[in-house]
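Structure first, then comments.
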Amino acid sequence: MIYLQYLLVGAGCLFFIVGTLGLLRFPDTFTRIHAITKADNLGLGLLMLGLLPSTESLPQALKLILIWLLVLAASATASYLIAHYVKAQSPDALPHADTTSEEQD
Amino acid sequence: MHFFVSVLLTGSLWWILTEGAQAWWIGGPAVLLASYVATRLHHPDSQRINWLQVPLFALFFLAQSLKAGVDVAVRTLRIRPAINPGTLYYRTSLPPGTARYLFGSIVGLFPGTLCTDFDHDQVILHVLDTNADIAMDCRRLERRIARLFSLPPAAIPPTSLNKEAQS
């Protein structure tokens, strides 16, 4: 069991690192939001799963799950708010791809 | 009725936070106050969640967020970040209100999509890769949310209405 926990926590940390790497490597605000929200959501989920077997009581376990759910709600809302703000500040910020997905193939 | 449900929920929240019901002299008033505010802010006409559908929706959400995290990680770790950003004007059939806002929030945690704005019946999404069939994923999420709120299985608009990558 402890090795499974190591694996989950390790994988969780890896996703956090990759999310931060995406923040550095991606070119603009929108793509950076993609990287950080999705990778961190999964990273925190794995971290929580890995720590769950180590909890000592039911409320403690529920608290861990609650933290994850609250971060999920916060990052979903914050990602929309930041993206919305950037779009409102400069309407040209969204990429203008004039082609459809079929034409690009 | 709404007040009592709220007391029950915030009460169990306090139970979780204090790891087993402690310091009720703080928790009690806080629970009552929070429930009062929640009842005042509650719109009686807002759409209601069908709680029986929640586990199924949670499972769908977990699978999709796993996919989203792996997808964005793989794109990040390429030597040249494998992205092809674009904009998708997605026409939603979800009615305005809780269901539509839930769609806008959750879509941000799903693979390759990010909600930036609502415009009448259109949701303006930023997509990470215009080559992926995002409209189809969105329709699936929309159907799941409609089921979650027990909305009538709305006529899902045909693909042609979803102008993909429109300028």
Report task. Whole number in Å², please: accessible area per residue of the stretch B:51-161, 1.4 Å probe, ligands, DNA and RNA not counted. Result -> 45 Å²
Query raised in the report: Using a Förster distance of 51 Å, how high is the FRET efficiency between B:ILE79 and B:LEU59, based on the Cβ-Cβ distance and rounded to 0.05?
Result: 0.90
**Report entry** Vicinal HN-Hα couplings computed from phi for the stretch A:70-86 (Karplus, 6.51 cos²θ - 1.76 cosθ + 1.60; Hz; Gly/Pro x)
**Finding:** 5, 5, 4, 4, 5, 6, 5, 6, 5, 5, 5, 4, 5, 4, 5, 5, 4
Query raised in the report: Where Rh denotes the Kirkwood radius from the mean inverse Cα pair distance, what is Rg over Rh for chain B?
Result: 1.07
Query raised in the report: What's the buried accessible area, both sides, between B and A using a 1.4 Å probe, rounded to 100 Å²?
Result: 3700 Å²
Requested in this report: Along Cα→Cβ, 7 Å out, is where each label goes; now give me the distance between the ones at A:CYS13 and B:LEU17 in nm to one decimal.
Outcome: 3.1 nm
**Report entry** Whole-Hz couplings from phi, Karplus 6.51/-1.76/1.60, listed for the stretch A:20-28; x for Gly and Pro
**Finding:** 5, 4, x, 4, 7, 8, 6, x, 9
Requested in this report: Can you sort A:MET1, B:MET136, A:MET48 by 1.4 Å-probe accessible area, starting with the largest?
Outcome: A:MET1, B:MET136, A:MET48
**Report entry** Simple Cβ-charge dipole of chain A, Lys/Arg +1 and Asp/Glu -1, about Cα centre, in debye nearest 20
**Finding:** 520 debye
Query raised in the report: Once both labels are modelled 7 Å past Cα along the beta-carbon direction, what's the B:HIS120-A:LEU21 spacing in nm?
Result: 4.4 nm
Query raised in the report: Which cross-chain or sequence-distant (5 or more) residues have an amide H under 5 Å from the amide H of B:ARG91, H modelled 1.01 Å from N in plane?
Result: B:VAL123, B:LYS163
Report summary line: So, for the Cα atoms of the stretch A:2-90, Rg and Dmax in Å stand at 15.2, 50
**Report entry** Relative contact order (%) - criterion: Cα under 8 Å, at least six apart; region: chain A
**Finding:** 27 percent
Report summary line: Non-local residues with an amide H under 5 Å from the amide H of B:ASP117, with H modelled 1.01 Å from N and Pro and chain starts lacking one, are B:ILE124
Query raised in the report: Looking only at trypsin sites (Lys or Arg not before Pro) in DSSP loops with at most 11 other Cβ atoms within 10 Å, what is the longest site-free stretch of chain B?
Result: B:79-167
Report summary line: Measuring from its Cα centre, the stretch B:11-149 shows a charge dipole (+1 at each Lys and Arg Cβ, -1 at each Asp and Glu Cβ) which, in debye to the nearest 20, is 240 debye
Query raised in the report: Label points 7 Å out from Cα along the Cβ direction at A:SER54 and B:ARG143: separation in nm?
Result: 4.2 nm
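The values are calculated or read from the model by the stated rules, or taken from the named source; none is laboratory data. Please read these numbers as outputs of a predicted model, since none were measured by experiment. Here Cβ is always computed from backbone atoms with ideal geometry, including for glycine, and neighbour counts include all displayed protein chains. Accessible surface areas use protein heavy atoms only, side chains included; no ligands, DNA or RNA. Shrake-Rupley method; radii C 1.70, N 1.55, O 1.52, S 1.80 Å.
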